Each structure stands twice: as C-alpha cells, then as structure tokens.
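This report refers to the structure that appears directly beneath it.
The values are calculated or read from the model by the stated rules, or taken from the named source; none is laboratory data. Given the structure is predicted, the values throughout are model-derived calculations rather than measurements. Cβ: placed from backbone, ideal geometry, glycine included. Neighbour counts: every protein chain shown. All accessible areas refer to the heavy atoms of the entire protein, side chains included, with ligands and DNA or RNA removed. Shrake-Rupley method; radii C 1.70, N 1.55, O 1.52, S 1.80 Å.
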Amino acid sequence: MSESLQTASETGTMPNDATVLIVDDEKPITDAYAQWLDDDYHVRTAYSGSEALEKLDDEVDVVLLDRRMPDLSGEDVLNRIHEEGLTCRVALVSAVEPDFDILDLGFDAYLEKPVSEAEELLETVETLLRRSTYDAQMQRFLSLANKKAALETKKSPAELDANDEYEKLVSELAELRAQLSNTATDLDDEDLRAEFHDTDRGE
C-alpha cells in the first residue's frame, strides 16, 4: 500500500494521489478507463496479464482487472497479488456473469462489462480506496457482501439455497455482522447498508 494511503488511514481522509492499475487486453477499453480516471489518480495501464505483473508493486492501491485474458487470466493475476502479499484492493471487471466460482476468488468488487459511464468507475475506485483504510475483518465482510450481492442479481432463490458454498458465505456474513455491528453503522458504504438493513432473505 502506498505511503499516502497509509497516512489517509490514520487521518480518516482519502488520498488524492492514489495509484490505479487498469488491466484489460482490449486496448480501447483500457485507454478509456485511463482517460476517465487520469484527472483524479495516478494511472498505470497493462494490456495483458503478464504486463500487469510487471506493473504491480506496493505503490498500487487499486487494480481494475479484466477476468478473461488470453495469456494470463485475471484470476492468475489475482492469485499472484495474494502470493506476493500486496495490499491493493481489486475489482474484477468482466463480461462474464458472476457464477458460484467467484466465491473462491479474493477480490473486493465485481463490475460487469460494459462499464459505460465514468461515474461508475470513479465510484468503484473511491469505494475501494475508502475500504483500504478499514481493518482486515471489515474488508473481509465487505468482500463477502459484494460477492453475495453479485450472485443475488443473477441467481434465483432456489439456485442460491441449493449451493453449499453460498450458504457458508451467508453464515460467515451473519457472524461477521454480529461482531461488527457496533462499528459498521458509522461507516458509509453501500454494501454495509445492504447487509445491515436488507432482511429480505430473513437473515
């Protein structure tokens, strides 16, 4: 994590010089995202998974990562991020609808292509930077909440109920929710609001 973000964590303010790495093998998409973010952040671009590994270091705060690429997939890059102990937050950006396999992936947000508005991308980066200032338990809770929300937009209640891994996710969220209830209500985060106030599924 960059020094500026560590300072932001201590002061409770957001950094204005965070570094965002954009990874997509479709050059027009990568360049468009870079243009949208360039006024607000230091932007690095990579047009393949292998190039992404060359651009990754502990100065990168957020990675916008295409999931399907021909040489190294986004999942391969994600695994390398965790193996090297990098603390950047990661948003998977994919044209593939989220399926239950995302439960095994260590990302923080899931965006479906096409991302057609700069505002959506900027909000995602801002949210992930804010989450970087939270402790590990809160980051885990928010990552699981994002996966849960992504699946619930695509799967029927019957499909969800029939999946053991999804039920484990729901149980872990419930445990974390109980542990975090005293502090979470003070934080402004869409996934927190959804998990703490949406009881449609009787949790």
Take the solvent-accessible surface of the protein heavy atoms, probe 1.4 Å, and return the percent of it on segment 83-163 that carbon and sulfur atoms account for.
45 percent
Measuring with a 1.4 Å probe in the full set of protein chains, what accessible area per residue, in whole Å², belongs to segment 50-157?
42 Å²
Between LEU103 and LEU53, the two model label points (7 Å from Cα along the beta-carbon direction) sit apart by a distance in nm of 3.0 nm
Between GLU112 and ASP17, what is 0.36 nm times their sequence separation minus the Cα-Cα distance? Round to one decimal in nm.
31.6 nm
Can you tell me how much longer the chain between ALA136 and HIS82 gets when fully stretched, taken as 0.36 nm per residue apart minus their C-alpha distance, in nm with one decimal?
18.0 nm
Using only protein heavy atoms and a 1.4 Å probe, report how much of SER73 is accessible, in Å² to the nearest 10.
30 Å²
